[in-house]
Structure formats: C-alpha cells, structure tokens
1. Fewest to most neighbouring Cβ within 10 Å: what's the order for B:122, A:46?
2. Checking the a/c ratio against 1.5 first, then a/b against b/c, what shape does the Cα gyration tensor give for the stretch A:63-196?
3. Using C-alpha positions alone, give me the convex hull volume of chain A per residue in cubic angstrom.
4. Taking every Cα atom in the stretch A:13-273, find the radius of gyration and the maximum pairwise distance Dmax, and write them in Å.
5. Just the C-alpha atoms of the stretch B:1-153: what Rg/Rh do they give, with Rh taken as the Kirkwood radius?
6. Please report the orientation-averaged projected area of the stretch A:403-475, defined via the convex hull of its C-alpha atoms, in nm².
7. Express in whole angstrom the spacing between the alpha-carbon centres of the stretch B:422-441 and the stretch B:71-103.
8. Rounded to the nearest 0.05, what FRET efficiency do residue A:401 and residue B:249 have when you use their Cβ-Cβ distance and R0 = 41 Å?
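Computed from the coordinates by the stated procedures, all read-outs in this text should not be read as laboratory data. The structure displayed is predicted, hence computed values, not measured ones. We place every Cβ from the backbone using ideal geometry, glycine too, and count neighbours over all the protein chains shown.
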C-alpha cells in the first residue's frame with residue numbers, strides 16, 4: 001500500500017526516515033544531484049519556523065530582515081584567513097564565461113563577507129550601533145557525501161543573523177542570548193529538546209573566536225547540530241575595515257556575532273517524533289491541527305455529512321481539513337492522515353450524531369476520547385497542548401537516557417556507539433582529529449555550560465591535562 | 001546635507017530616483033557588479049507584499065508555497081524549444097569544475113522546467129488536479145544593461161506561481177484571475193494603478209500561448225511591467241511528459257499557467273509616489289505608520305517627553321517610532337523622517353500639551369491638523385486611509401492623462417516620447433521589431449481587454465490589416 005511505511009524506525013532508521021519524508025510529501029530528491037525539493041507539507045513547517053522566528057527572535061531583539069547578493073567575489077573570502085581556509089573546499093563557483101574578465105564569483109555558502117562589505121559603508125558612529133540584521137535565504141555547499149533529505153543537501157534554506165556591537169561584553173552576551181533563543185524555539189515550537197553549549201576549537205566556525213551550538217540527539221544514537229551562534233569578535237571587522245567613531249570621538253573597531261539555523265531543524269523534528277505509522281507533527285507547527293473524518297453508514301449518510309461540514313466550519317481557527325471523499329473508506333483515510341502527521345483525528349459516525357459527540361484520536365498516542373460537541377473547541381486546545389508537552393517530555397527522557405560518562409578510552413569507544421558521552425578533554429585539535437580517526441567518526445558535539453572540568457582530570461584520549469568536559473558522539 | 005535630495009523629480013528623474021532609494025536606505029548597489037542589497041527599509045516593503053500575497057492570493061485561491069532547487073540542468077531548458085530560445089542568452093552557469101562530468105547547471109532564471117520535472121512525478125490522476133503551487137525565491141538573469149535599483153539587477157527576489165488544471169477553460173479563467181489579483185494587490189496595497197491586458201506575440205513569455213501583464217506608467221513617460229501571468233497551455237506538459245488519468249479512465253495532458261511578480265514592484269511604487277523631499281510610502285506597506293516628534297522648549301521638556309512616551313505606548317498598533325533624541329533638533333528630524341517616507345508625523349510641543357492635543361502632518365500633502373488626544377487613534381486611521389486613497393487617485397489621474405491615441409505614424413512617434421499611445425496594430429513580430437528600431441526603443445506594452453479593433457483599421461506602422469488595439473510606449 002502506498003500510504004503505509006515498509007521500514008521500521010527501530011530496525012532501519014535511515015530507510016524509515018526517508019520513507020516518512022517522501023510519503024508524508026515533505027520533500028523529494030531533485031533530479032539535480034545533491035539537491036532536494038521542499039514540497040508544500042515540508043515548506044509549511046519552514047513557514048511556521050519563520051513566523052515564530054520573526055516574531056519571537058527578530059522583533060523581540062530588534063533585528064531587522066534584509067537581503068544580500070547570492071554571489072560573492074573570491075577576494076572577499078580571502079580577507080579573513082581562517083574563514084577562507086575553512087570554507088573554500090565546498091564553494092560552488094560561477095562559470096568564467098559568465099563573469100567575463102572580472103574575478104571569480106562564488107554562490108554564497110554563508111554571507112559574512114558580503115554583508116560586512118556593506119556594513120563597512122553603513123557604520124560610521126556609535127549611533128549606528130548595535131546594528132542587527134538577519135536574512136532568510138538559500139545557501140550552497142557543494143557536499144560530496146550522500147544527500148539526506150533536510151539533513152544534507154547542496155542547497156538549503158536558512159536564516160543568518162549578523163550583529164555588530166560597540167563592546168565585546170555586549171557582543172558576548174548576545175551571542176549567548178541567540179543560542180538560548182534557539183533552544184527556546186526548539187522546545188516551544190518543535191517540542192525538541194537540545195543540548196546547548198560551546199563547540200571545541202576543531203568544530204568552531206571558520207573565523208570565529210568561539211561557536212555556540214544546539215545539538216539534538218536522534219533515536220539511532222547520532223547527534224544532529226541544529227543551530228549555531230558565533231562570536232566573531234573583531235576578526236571580520238578588522239578584515240573588512242568596519243570602524244566607528246565612539247562617544248569619545250575616537251575611532252574604534254566594533255565586535256560582531258553571527259548565528260544561523262536551517263531547514264535541517266525540520267529533519268531533527270521529523271526523526272525525533274515520527275513513528276512507524278508515519279509523520280508525527282508537533283501541534284504548534286502543524287498547518288492543519290485536525291482532520292475530520294465522517295463515517296458514513298447507510299441511511300444516516302446525509303445527516304452525518306451535513307453535521308461534519310458544520311463542525312469543520314466551526315473549527316476554522318484550527319485550520320481543520322474535512323475528508324468527506326466517498327471513494328475512500330474511513331480505514332484508508334485514518335492510515336492516510338496518520339502518515340501525513342495531522343495531530344488530531346475527529347471521527348463522526350451515526351451513533352456520535354445521536355449522542356451529540358465526536359471521537360478525538362491523538363496522533364502520537366492513538367488514545368481515543370469521546371467529546372461532547374459543546375466541549376469540542378476547548379478539548380482540541382487541551383489535547384494539542386498536552387500532545388506538545390508529551391512529545392517534548394518523551395524526547396527529553398530519551399535525550400537524558402542517552403547521556404553517559406566514560407571512565408576510560410575503552411568505555412568511551414563502547415559508549416559512543418549510540419550515546420552522548422561526556423569526558424574530560426584537552427581541547428586540542430590534533431587530539432580530536434585522532435579521536436575521530438581511531439573511532440571512525442566520533443566527533444565532539446558540545447562543551448556544556450556550567451560544567452567545569454574537575455581539577456587534575458586527564459584528557460580521555462591523550463592523557464594530557466583536561467581543559468573542558470565535552471560530549472562526544474557520532475553525528476549526522 | 002545628507003538627509004536632503006539634491007536632484008528634482010521633474011528635472012532629473014533617474015538621479016532623483018536613485019537618491020530616494022539610497023537615502024531612504026531602501027537599497028544599495030552591491031560591490032558585485034549588477035547586484036543590489038535590499039536594506040531593511042526596502043525589505044520591509046517586500047515583506048508586506050509577501051504577507052498580503054500569502055493571505056489574499058495564495059490562501060484565497062488554494063495555492064501552497066514550496067521550494068525547488070536553484071540549479072537547473074541544461075537539458076531541461078532544451079525540452080521546450082521556444083522556452084530555450086527565449087531564455088538562454090541571460091543564463092548564468094556554474095563552473096564545470098564544480099559540476100564535474102555531469103551536465104551544465106544553470107542558476108535559475110525562472111523555474112518552469114525544474115518544477116514541471118517534479119510535477120510529472122506527482123500528477124497521476126484527476127484527483128491530483130488542480131495542482132497549485134507558488135515559490136518565493138531569488139532568480140538570476142545575467143543582464144548587460146546598467147543596473148537600476150529594484151528595476152534591473154542580475155539577481156532579484158520574486159514569487160512564481162505554477163498551476164496545473166484538467167481543462168483549458170479552467171486554466172484560461174485562472175490565468176486571467178491571477179492577473180486581476182495582481183491588479184488588485186497594486187491598488188489595495190501599493191496605491192498603484194496599472195493597465196491590465198495581454199502582451200503581443202513579440203513580448204509574450206518564451207513557451208507560452210499568451211501572456212497577460214500589468215503595466216504601470218512612470219512620471220518620466222515610461223512604462224514599467226509589474227507582473228505577468230502566462231497561459232502555458234500544454235506546451236510544457238508535453239515537453240515534460242505530465243499526464244493524468246481522467247475520470248474517463250483515459251490518459252490526458254493537463255493545462256498549465258505560471259505567474260510572477262518581483263521586487264520591481266517596489267521600484268514602481270517608489271517612483272510613482274515619492275517627491276522631492278524623499279520617499280512617500282503608501283500607508284498600507286509602511287512598517288511604521290507614524291513618527292512622533294516631541295518639541296522640547298525650556299522648562300516643559302520633561303513633561304513633553306513623558307507625554308510623548310505615553311502617546312507612543314498607546315499607539316503600538318501603528319508601530320509608531322518615537323524620536324526623542326536630544327542631539328538633533330525638530331527641524332532636522334522632520335526632514336529626516338520625510339526622507340524616509342513615514343506616512344504621518346505627530347508633533348507634540350508645550351502648547352499642545354496644555355491643550356491636550358497633537359499636530360498631525362501628512363507626508364504626501366504636508367497638511368497639518370490639530371487633533372485632540374482623545375480622537376488620536378481614530379484620526380490616525382482616518383488619515384492613513386485618506387492618504388492611501390489620495391495617492392491612488394493622484395496616480396490614476398496621471399495614468400489617465402498619459403493615455404493617448406495616434407492617427408498616423410508621425411503622431412505616433414511624437415506621442416510615444418512620453419505617452420502610452422493606443423494604436424491599431426497588425427500583431428506581427430517583424431513589424432514590432434521595425435517599430436522599435438525606427439523609434440529607438442518604443443515597445444508594445446499591453447493589448448487592453450474588451451477593446452476590439454475597429455473593422456477595417458490598418459496597422460499604424462505597416463498598413464496591413466490591424467488585428468488588435470495596442471498601447472505602445474517607452475519602457476523600463
């Protein structure tokens with residue numbers, strides 16, 4: 001059957017995940033290698049993330065949206081040396097026949113350089129600071145690894161925030177604030193718990209002093225980076241000659257951060273919440289909160305159909321769908337809308353009609369409740385809220401149960417098969433390279449906040465003095 | 001002075017327009033040749049167009065947003081021959097070092113081909129129709145002519161709607177409906193009157209049976225195309241093998257349209273409404289409907305400042321700005337916010353405080369009104385509405401006064417210097433090429449609806465039998 005998954009989450013999560021994305025019509029592999037199509041069901045989730053973001057992050061912190069060019073001159077990348085080193089390999093360039101005698105143009109992999117070129121003209125005095133901008137756009141990174149819907153593709157959609165401040169302390173405070181707002185977005189909108197903290201030197205953004213991250217943890221024991229916030233400090237400001245005249249009438253170099261999250265977040269939510277029946281949408285991002293399925297039996301058909309329409313009409317605020325198609329039976333419809341992830345199913349049959357009630361079925365638990373029509377709205381609100389909280393708590397329980405600590409290297413190797421393993425670490429890039437090579441893929445995920453390493457601890461791998469506690473795991 | 005325009009609209013409109021865009025901080029020329037930066041003040045207008053569009057066009061007609069890849073394989077273009085011919089010259093390609101052995105990839109100039117490749121997999125039966133999708137995205141056309149902010153740049157933002165129907169009549173009806181919805185958007189949101197009708201053979205979209213258009217007319221006597229809707233009929237469906245099983249259980253080829261409008265529309269609005277003091281924003285797209293400027297004189301300063309804050313707080317729904325900076329005097333602020341185009345200025349001085357009133361000044365007319373505080377909200381609503389209507393009527397009067405008819409070729413040449421000139425026309429592409437060459441740039445703009453040519457009329461240029469009445473003019 002086309003509307004049934006043939007793979008199980010607990011047996012073959014990669015295949016299961018792909019089937020959920022494809023069959024719930026969230027996305028499709030494009031004919032262009034490495035790219036994906038965001039279908040309306042998938043785009044609606046992104047739309048809901050954008051709306052939440054514009055309201056609760058941008059507006060709340062005084063950030064304004066703008067749009068900068070897709071093409072970036074090669075020389076811009078080279079101005080900030082670390083940035084250039086870190087990014088160049090993945091960049092897609094335009095054909096020289098197009099650009100003519102001019103310099104090579106990259107398709108943007110991220111926009112620090114082109115934005116800060118403008119910033120250097122716009123910022124003159126302390127009155128222009130803080131400058132807080134964000135753009136919603138597509139970015140391109142010419143990945144060679146296999147494409148995974150939402151998780152890895154050569155083009156993806158994201159937002160990138162770029163702010164400039166007078167002082168380093170203000171800049172640092174806000175760099176932290178944005179990662180905390182991301183954490184909140186994951187919890188409040190997607191019912192997605194994350195670990196929040198810093199990245200190691202090896203994993204930080206090319207050109208940043210440090211990077212903060214939110215990491216979710218998938219059922220197959222791999223972490224998924226969901227958003228980052230970078231303290232760029234004065235690195236780019238110096239490279240792009242951004243200066244301002246202070247209140248002291250002297251020239252100063254300002255401080256910057258940048259922060260981004262992408263359509264990847266959709267993948268994290270899908271993989272976390274969905275089940276073997278298909279997609280489970282966290283209620284707050286669900287475009288349609290409920291599906292109404294009238295059950296037609298014999299004579300009562302017209303009455304049931306009429307009542308179903310009335311109910312659908314009265315529930316407009318939940319953007320409910322009425323599936324009164326006669327060419328499909330109720331069983332097929334139940335399966336279909338479970339696959340598509342609609343949070344609540346409302347059934348109405350002849351007996352319900354007699355009793356002035358409907359049956360509400362929750363997508364995540366399958367629990368049925370008989371609800372008198374007069375209580376319907378209130379009950380829907382209640383169930384949506386309960387479902388959001390339950391999804392979060394279930395995911396949080398899993399995340400907590402996935403945290404581990406390792407006493408020694410042997411245990412570290414064993415546990416990182418499917419856990420987030422906290423260990424003391426020296427912080428050195430070379431040591432981390434070795435860990436990744438020896439374990440065939442284990443990487444540092446996050447240095448948790450407020451969790452200083454015990455004095456005298458040794459690095460789990462090299463045995464040198466440990467500087468930080470770090471969670472390591474396999475990752476997407 | 002930095003916040004004053006040095007060019008006049010009636011003397012040098014090109015320089016004036018550029019100054020308005022730059023000094024009102026709507027946009028900036030990017031360092032990358034041919035590209036522009038959409039600054040927050042400009043992006044806010046686009047954001048407001050998007051919101052109106054999603055609500056009043058997409059939702060109202062059952063269109064859903066999606067997102068398709070930026071890169072399009074060369075072979076896709078070649079499938080629809082007319083399309084390939086019409087578009088190829090302007091396409092930017094990726095470097096072959098990036099794509100490797102694969103075929104050449106274009107940066108999308110428009111998305112018919114890549115979308116319909118997906119459509120061919122998604123459409124199976126009449127149950128899948130109509131299929132109605134839209135995407136908001138960036139597109140690239142490698143123009144060689146000089147860049148003009150919002151009006152011509154190598155990359156711009158737009159929406160492209162792409163629908164598929166069972167029957168030609170449904171498809172045609174909707175192709176017309178979308179151009180009418182565009183007309184309504186221009187009027188209701190941007191206070192922008194347009195001429196609506198069909199394009200000639202020469203000016204239609206490459207691959208369409210016909211194209212409908214909305215054309216605005218600028219104060220310098222040039223038309224500006226603001227949006228188009230194309231009847232693609234079965235041309236692309238055949239090329240991309242889109243088929244569906246009908247209710248009759250036979251295979252059919254469906255019918256398609258596509259329709260788009262871009263950030264160009266912002267340019268049309270700016271050029272139409274703005275004046276020698278700077279930007280005039282139509283109230284409905286203005287992010288901030290009013291600016292409050294307290295006038296501080298002597299002792300009363302604290303009281304005035306306090307009251308101004310109270311008023312600002314009470315007017316949150318209008319997203320008012322309070323400019324209580326002390327380092328600038330009121331005169332400078334008046335000039336500054338007039339330049340930025342805020343629809344209403346609210347002044348509050350010591351005398352107003354005594355009388356429990358404020359002064360409201362309209363950006364478009366400069367008319368001052370004393371308003372008792374208790375009436376303020378109602379008066380703001382009234383003035384915003386009046387301003388919208390006045391802007392539209394003024395622009396409509398100008399558009400009507402710019403319409404002309406020509407008796408003969410000599411008059412045609414003379415009038416097309418700065419008018420939209422209606423003439424009988426043979427409809428032939430060659431004849432239109434000749435007209436453009438002889439007049440150094442006059443092009444056909446629109447075949448008005450419901451305005452059939454008189455029997456026996458001759459083409460204004462070649463003298464053959466006229467098939468249609470057409471408006472010709474110079475154009476952006």
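1. Numbers: B:122 15, A:46 23.
If I rank by nearby Cβ atoms, fewest first, I get B:122, A:46.
2. On the way: a/c = 2.16, a/b = 1.16, b/c = 1.86.
Because a/c hits 1.5 or more and a/b fails to exceed b/c, the stretch A:63-196 counts as oblate.
3. Working: hull volume 81.8 nm³, N = 476.
It comes to 172 Å³ per residue, whole-number rounded.
4. 18.7, 62
5. Values: Rg = 19.8 Å, Rh = 18.8 Å.
Radius of gyration over Kirkwood radius for the stretch B:1-153 works out to 1.06.
6. Working: hull surface 17.1 nm².
Mean projected area for the stretch A:403-475: 4.3 nm², to one decimal.
7. After rounding, the separation between the Cα centres reads 31 Å.
8. Values: r = 54 Å, r/R0 = 1.31.
Working from the Cβ atoms, E equals 0.15.
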